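Comments concern the structure below.
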Amino acid sequence: MSRRPHRNGRGLFLGAVLGAVVGYFAGHAVGNPAWGIILGTLAGAAILYRINPGPPNRR
């Protein structure tokens, strides 16, 4: 029985949304909110896609 990696689409979406919000404020603080949104979306989606396991799959 192989262990399945902890990845899911809900974590990807949630990470993108939260990353965009945090990136907007961080980018606004340094002068360019658009770049903050773009980079925050990519970083947040990548992090939560990998570490958010989602609900367990029962067989």
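Every number in this text was worked out from the coordinates using simple rules, so none of it is lab data. Keep in mind that what you see is a predicted model, and the values were worked out from it rather than measured. Don't worry about glycine lacking a Cβ; one is built from the backbone with ideal geometry, like all the others, and counts go over all protein chains shown.
Taking 0.36 nm per residue of sequence separation and removing the Cα-Cα distance, the residue 46/residue 13 pair yields an extension gain of 10.9 nm. Approximating the spin labels as points 7 Å out from Cα along Cα→Cβ, the residue 35-to-residue 22 distance works out to 2.0 nm.
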